[in-house]
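Have a look at the structure below before the remarks.
The values are calculated or read from the model by the stated rules, or taken from the named source; none is laboratory data. Note that the structure is a prediction, hence the values are computed from the model and not measured. Note that each Cβ is placed from the backbone with ideal geometry, even for glycine, and that neighbours are counted across all protein chains shown.
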């Protein structure tokens with residue numbers, strides 16, 4: 001096993017080496033722009049680390065690491081069009097810097113390029129890699145659809161919310177871990193335990209995102225605090241608050257729908273505080289952390305590798321940005 | 001070999017049997033809506049017919065026929081968003097009937113579903129099928145990008161135009177034919193000749209489309225005649241006319257850019273007539289027909305199969321709708 005940052009360095013180098021045809025520029029420039037914009041490189045890091053944990057070498061799984069990173073960036077690109085988001089990672093989004101047609105078409109090309117990268121494996125592995133990847137992609141689209149559906153609903157349950165983030169976010173982390181294990185030729189029992197580790201990690205990760213959006217430290221978070229509250233986003237915090245609140249507090253939150261002011265953020269957070277939903281959220285995050293550790297325990301990999309993935313899960317839920 | 005209409009009937013039945021999950025409806029309804037809207041089923045028909053021509057059975061290649069039809073419909077769906085087209089095949093487009101986010105996301109899902117369908121083949125064929133399909137998809141995005149780039153250029157050459165329609169339209173017909181041959185286990189020499197047949201057919205087909213848009217019979221064409229002229233679209237007819245015209249006629253066409261009237265259509269068509277560009281177009285179509293027949297001649301398949309594909313190419317360039 002290498003250090004986390006060493007995997008990320010390898011990925012950044014490989015991303016920089018991706019070859020794009022020179023023409024048509026309008027198709028390929030937005031793709032390299034998107035990939036070079038950075039990001040945490042979390043998913044490809046999981047691919048490489050899972051491969052090495054199972055006795056493979058990082059280079060065996062690099063095409064798949066890049067494929068999953070390419071796919072992830074494709075979903076961000078198209079999601080940003082759907083959400084009309086102007087900025088991503090501190091830079092203008094593609095539909096903002098170029099135009100919407102460019103964002104749609106370049107995103108389509110990224111999805112196909114991700115398939116090309118995933119396909120770069122031994123022939124006896126190809127069917128398994130394709131099936132996992134395509135099934136995961138379908139779940140992610142379903143998650144995005146549910147996320148959009150939730151915007152116009154006011155009766156979303158916690159169970160529905162968890163299922164939505166499982167689809168939209170977590171299964172890709174599961175897919176990343178399992179694909180890495182596959183590339184090392186790990187047995188089915190190991191691969192599926194890695195998948196479950198990744199899914200639990202993804203749930204903890206997304207809930208940590210939700211928590212940070214309301215309770216993060218503005219000086220380190222990187223985005224404005226309170227964006228979810230401002231946008232009336234049905235996160236775990238809001239859904240739980242609406243469940244626990246009495247009629248008065250529920251009415252107060254509803255009455256602020258559509259309002260966009262700092263005062264709204266303060267009022268809604270005050271209600272969250274009174275109801276203790278931040279603690280509920282932390283407890284749920286801890287329970288998903290426990291699940292990741294339990295899955296790791298059962299995997300037949302060296303202790304050093306277990307420590308790597310356990311440490312990574314712990315860091316994910318204590319991160320501040 | 002079966003009759004053309006028999007292949008189309010089999011495809012329509014298989015399309016009707018595609019299973020979509022019930023939820024989320026917002027994701028899957030637009031997909032079945034798009035697939036059920038019909039269309040010529042040209043591409044899947046070529047897959048099945050090429051498979052049978054090479055000694056396979058239509059059912060061997062049905063998943064790939066559906067995969068290519070699904071892919072084709074995905075490109076139409078996203079192209080309609082980019083072109084802001086409100087109607088397709090006499091029905092509202094997806095972004096018109098639902099909304100743009102739905103059109104983007106359902107299109108993405110169709111691309112992944114097309115990959116799932118293409119993957120349904122024997123494991124030793126999978127790598128070849130994937131490579132051909134993904135390479136073709138990338139070419140199609142490049143073609144769409146060039147098509148959009150041409151809108152803001154007034155110096156597009158005939159060679160550039162032919163290359164654009166080769167990428168945007170023709171390679172998918174080549175891919176359809178070659179995939180069908182692959183599914184029958186045909187040798188490389190047969191597969192690549194079928195590919196070239198499909199590409200030449202696609203060029204003839206698209207040029208026939210261009211010709212019909214200006215010279216078709218309004219009572220059978222199905223769309224309004226003159227749409228390309230109204231929209232100043234750089235088709236073969238316009239590019240050739242601009243090449244052949246004297247300064248006066250060229251200026252007259254340019255002066256009508258942006259104008260939308262029946263008179264404009266009549267004036268521009270009058271200039272085309274004087275310059276004889278319809279004849280140039282018919283000659284080019286005939287030369288691509290000759291190429292399809294030459295490719296067929298060299299393929300080692302039964303005469304009955306050759307006659308099927310020759311007949312199909314001839315019909316394509318004499319069609320009136």
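Quick look at the numbers
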item	result
Breaking point among (1) within 24 Å of the chain's Cα centre (by Cα); (2) over 14 Å from residue B:238 (Cα atoms), for residue B:263	(1)
Qualifying residue in the range A:207-229 (condition: without any contact (Cβ under 8 Å) to a residue 60 or more places away in the chain, under 25 Å from residue A:290 (Cα atoms) and touching a helix residue (DSSP H, G or I) at 6+ places or on another chain (Cβ under 9 Å))	yes
Selection status of residue B:167, at the interface with chain A (Cβ under 10 Å from one of its Cβ atoms), under 17 Å from the mean Cα position of the chain (by Cα), closer than 30 Å to residue B:185 by Cβ and modelled with pLDDT of 95 or more	yes
Matching residues in the range B:86-104 - criterion: being out of contact with any strand residue (DSSP E or B) (no Cβ under 8 Å at 6 or more places or on another chain), at pLDDT 95 or above and over 14 Å from residue B:31 (Cβ atoms)	B:92, B:99, B:100, B:101
Residue within the range A:24-34 that is farther than 16 Å from residue A:179 by Cβ and either at pLDDT below 95 or in a loop (DSSP other than H, G, I, E, B) (or both) present	yes
Residue within the range A:174-193 that is at pLDDT 95 or above and within 14 Å of chain B (Cβ to nearest Cβ) present	yes
Residue match in the range B:73-81 (condition: modelled with pLDDT under 95, in contact with a strand residue (DSSP E or B) (Cβ under 7 Å, 6 or more places away or on another chain) and more than 11 Å from every other protein chain (Cβ to nearest Cβ))	no
Residue match in the range B:88-100 (condition: facing chain A (nearest Cβ under 9 Å) and in contact with a helix residue (DSSP H, G or I) (Cβ under 9 Å, 6 or more places away or on another chain))	yes
Residue count for the range A:117-133, restricted to those that are facing chain B (nearest Cβ under 7 Å), crowded, with 20+ Cβ neighbours inside 10 Å and part of a helix (DSSP H, G or I)	1
Filter result for residue B:110 (surrounded by 23 or more Cβ atoms within 10 Å (Cβ to Cβ) and within 14 Å of chain A (Cβ to nearest Cβ))	yes
Residue among A:186, A:241, A:176, A:181 that is buried (at least 19 other Cβ atoms within 10 Å of the Cβ) and part of a loop (DSSP other than H, G, I, E, B)	A:186
Unmet requirement for residue A:144, which otherwise passes all of (1) within 12 Å of another protein chain (Cβ to nearest Cβ); (2) at positive phi	(2)
Residue match in the range B:1-11 (condition: in a loop (DSSP other than H, G, I, E, B), surrounded by 13 or more Cβ atoms within 10 Å (Cβ to Cβ) and more than 14 Å from chain A (Cβ to nearest Cβ))	yes
In the range A:19-57, residue nearest to residue A:189 (Cα to Cα) [restricted to those that are within 14 Å of another protein chain (Cβ to nearest Cβ) and surrounded by 15 or more Cβ atoms within 10 Å (Cβ to Cβ)]	A:31
Qualifying residue in the range A:151-159 (condition: under 23 Å from residue B:113 (Cβ atoms), at pLDDT 95 or above, touching a helix residue (DSSP H, G or I) at 6+ places or on another chain (Cβ under 6 Å) and not in a helix (DSSP H, G or I))	no
Hey, residue A:271 buried (at least 17 other Cβ atoms within 10 Å of the Cβ) and closer than 22 Å to residue A:206 by Cβ or not	no
Check on residue B:224, closer than 22 Å to residue B:153 by Cα and at pLDDT below 95	no
Any pair with Cβ under 7 angstrom, 6 or more apart, that starts in the range B:69-97 at a residue that is free of Cβ contacts under 8 Å to residues at least 12 places away in the same chain and ends at one that is part of a strand (DSSP E or B)	B:86/B:92
Residue A:65 being surrounded by 21 or more Cβ atoms within 10 Å (Cβ to Cβ), touching a residue at least 12 places away in the same chain (Cβ under 8 Å), within 13 Å of another protein chain (Cβ to nearest Cβ) and not in a loop (DSSP other than H, G, I, E, B)	no
